[in-house]
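Here, each number is a calculation from the coordinates, and none is a lab measurement. Model, not experiment: these values are computed from the prediction. Every residue, glycine as well, gets a Cβ built from its backbone with ideal geometry; the counts of neighbours run over all protein chains shown.
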Amino acid sequence: MSAAAASHPSDIVESIHDIQSSSKEDNPHSDGIWVFGYGSLIWKPPIHYEQKQIGYIKNYVRRFWQHSEDHRGTPEKPGRVVTLIPYDEWKTIESVVTWGVAFKIPSDDVEATRAYLDHREKNGYTVHTVDVFSLEDDETPAVRNALVYIGTTDNEAYVGPAPADKIAQQIHDSYGPSGWNAEYLLNLAEALREISPGVKDDHVFELEGLVKKIIDDNNKQ
Ligand code: SIN
């Protein structure tokens with residue numbers, strides 16, 4: 001796939017009204033909306049969807065650089081979950097696509113699904129739009145203007161880079177209302193192998209290896 005030909009990340013969309021009206025105008029196939037998932041949404045999708053499209057978005061990388069105080073940790077002991085970092089904010093780039101799954105939400109379920117996702121992603125994520133590409137076609141998007149929840153680098157829960165072993169230890173040690181933080185990481189790594197067997201995502205798979213090693217080491221003690 002040609003990273004050089006990729007366009008810049010889409011602009012932030014300011015309001016739900018703008019999102020829904022631009023989505024309808026720009027996507028002639030749909031009265032509903034598309035939502036692109038790149039984290040827990042891959043393995044725990046929205047409740048109501050009628051169609052899904054495996055694919056990738058260009059010019060973002062997935063990183064465990066977002067604190068989770070409400071799902072995989074607590075305010076006293078936050079866990080770490082994924083967010084997307086735009087290409088031009090991350091200069092030492094190694095890969096400029098992020099694989100995930102886009103879910104088509106039927107029109108009758110748009111309002112309830114938006115309310116559900118806004119609540120689920122309330123710990124610092126805001127809504128943006130992206131074009132989603134499939135393995136078959138690197139030029140023409142399979143889905144245009146899918147919504148995507150991103151914890152931008154200026155949100156209050158953005159915590160940024162740390163050495164991989166420190167991130168792995170934090171993920172291993174954190175629990176929140178949605179469960180063990182390590183389960184989130186291990187489910188994500190497994191789901192990525194399933195949706196795209198050749199997927200290159202060194203960040204996620206390195207953390208997976210480190211967390212599995214901590215678990216093994218603890219089991220030996
Ligand atoms: C997503 O899955 O698309 C957003 C991040 C998350 O909830 O893990």
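Numbers at a glance
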| item | result |
| --- | --- |
| Full-stretch length increase - Asp31, Asp138 - with 0.36 nm per residue and alpha-carbon distance subtracted | 36.0 nm |
| Dipole magnitude of the stretch 33-216, debye to nearest 20 (Cβ charges: Lys/Arg +1, Asp/Glu -1, about Cα centre) | 240 debye |
| Cross-link table Lys77/Lys220; Lys200/Lys220; Lys166/Lys213, entries beyond 24 Å C-alpha to C-alpha | Lys77/Lys220; Lys200/Lys220 |
| Inter-site label distance for His48 and Ile215 at 7 Å from Cα along Cβ, in nm | 3.5 nm |
| Computed lengthening from Asp88 to Asp154, 0.36 nm per intervening residue step minus Cα-Cα distance | 22.3 nm |
| 3J(HN,Hα) from dihedral phi, the stretch 167-173, Karplus parametrisation 6.51/-1.76/1.60, rounded to Hz, x for glycine, proline | 4, 4, 5, 4, 5, 4, 8 |
